[in-house]
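Written out below as structure tokens is the structure these notes cover.
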Amino acid sequence: MYLVHAHLDLPEGDRLPPDVRELVRTSLLPGDGVEHVAVHPRSPSRLTLGFYLLADGLEEAERRAVEVCGQLLGRVPQLAAARLTGAGVPLMPVAFGALPVD
């Protein structure tokens, strides 16, 4: 399973709907291949979606996240004007502290 972050920006002056989390979650379909989505409003007009996807590899997961975003923008009228500004697997810090330095 891969976590892919997709970043969406609305045009200047547009605002995210107050129920954006529910809109996104209820607009996903079983065929989208999304196991879970985390919805993170970053500002009144910026949104990050964290897609948890089953995929055979990193490139496939990122490609599928971009495809799902395109489908969501078509299914959620309140996000139709949004622009995908990037999608990728986030870099994670080392889970248990820094690696030893020689």
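The values are calculated or read from the model by the stated rules, or taken from the named source; none is laboratory data. Computed from a prediction, not measured in an experiment: that's the story for all the values here. The accessibility values were calculated without ligands, DNA or RNA, using every heavy atom of the protein model including side chains. Shrake-Rupley method; radii C 1.70, N 1.55, O 1.52, S 1.80 Å.
Using only Cα atoms and rounding to the nearest 10 degrees, what angle (0 to 90) does helix 58-75 make with the longest principal axis of the chain?
10 degrees
Wrap a convex hull around the Cα atoms of the chain, take a quarter of its surface area, and give that in square nanometres. Walk me through the numbers before you get to the answer.
Numbers: hull surface 32.6 nm².
Mean projected area of the Cα convex hull: 8.2 nm².
How much of VAL37 can a 1.4 Å solvent probe reach, expressed as accessible area in Å² and rounded to 10?
10 Å²
As a test question: what accessible area, to the nearest 10 Å², does GLU59 have when a 1.4 Å probe is rolled over all protein chains in place?
150 Å²
For the stretch 43-96, would you read off the P(r) tail past 19 Å as a percentage of all alpha carbon pairs? Intermediate values should be presented prior to the final figure.
Numbers: 521 of 1431 pairs.
It works out to 36 percent of all Cα pairs.
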